[in-house]
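Step one of this worksheet: look at the structure below.
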Amino acid sequence: NAHANAAPANSNGAPINFSSRAGLQSADPTLEALAQDHWNDALSNSVAVVALLLALYSPSLWWIDPFGAIVISFYIIYSWYETGKEQIEQLTGKSAPQEFIEELLELAEHFDERILVVDTIRAYHFGPKFLVELEVVLPRHTLLEESHDLGMELQYEIEGREEVERCFVHMDYETRDYDEHVVSKVPELREQILRHRRHGSMHTSSVQTSCV
């Protein structure tokens, strides 16, 4: 019986090593979960073998088997709880670590001398990798062709990183003290901003006319 119980633990050795190496190399959550499953199987089988050998050696140690089973059960419950918690956080768009965001910010600020300032930067989980949003300010009179090409080059640079799934770069000509995505949800704020923008356009037109 001891030999029969030991066989599954040995047979799991190869899958554990392969799954662990593959999971670390590819950062694939499926392979990581598979490696964890193999590890739990091997651990529980190993405890069962040790408990059986101790019970055969001394019948008074019969209690080690149920005690070991209880300990292993709690360990497996805890390990899968941590795995599930991590996956749920990734699926619900948890923010990226601050160090990673600061690294992207430094990259964008020094990417091209035409970039005046990075107005907004966001990075959050999109599954196991990150989705990045950037709002970059260029000189007001930058040609559309130049701003588009610069934005695409910055997008390619960030999406080339292993941790990034997708990057969106928004080019602007001024900084804004409000979240542009909130404006569309608040009619009063949207009307106020549009009215201010129309007033600014009329003022610019009148100045140009007077100069002529």
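Values in this text are rule-based calculations from the coordinates and carry no lab data. Note that the coordinates shown come from a computational prediction; the quantities given were computed from them, not determined experimentally. Heads up, the Cβs are rebuilt from the backbone with ideal geometry, glycines too, and the neighbour counts pull from every protein chain shown.
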**Complete:** Phi angles of region 34-46, converted by Karplus (6.51 cos²θ - 1.76 cosθ + 1.60, θ = phi - 60°) into ³J(HN,Hα) in whole Hz with x for Gly and Pro, give 5, 5, 5, 5, 5, 5, 4, 4, 5, 5, 5, 5, 5
**Net charge over other residues, Cβ less than 13 angstrom from the Cβ of V186 (K, R count +1; D, E count -1)** = -2
**Request:** Name the aspartates and glutamates eligible as straight-distance cross-link partners of K185: C-alpha to C-alpha under 17 Å, and not fewer than 8 places from it in the same chain.
**Result:** D177
**Complete:** A correct fewest-to-most ranking of L116, L134 by other Cβ atoms within 10 Å would be L116, L134
**Fill in**
Per region 31-188, sqrt(5λ) over the Cα gyration tensor eigenvalues, sorted largest first, in Å, gives 55, 16, 11
**Asked** Can you list the lysines whose alpha carbon is less than 20 Å from that of K129, not counting same-chain residues fewer than 8 positions off?
**Response** K85, K94
**Message:** With 10 angstrom as the radius, rank D37, D177 by how many other C-beta atoms surround their C-beta, starting from the fewest.
**Reply:** D177, D37
**Prompt:** How do H38, H141, H199, H170 line up, fewest other C-beta atoms within 10 Å first?
**Reply:** H141, H199, H170, H38
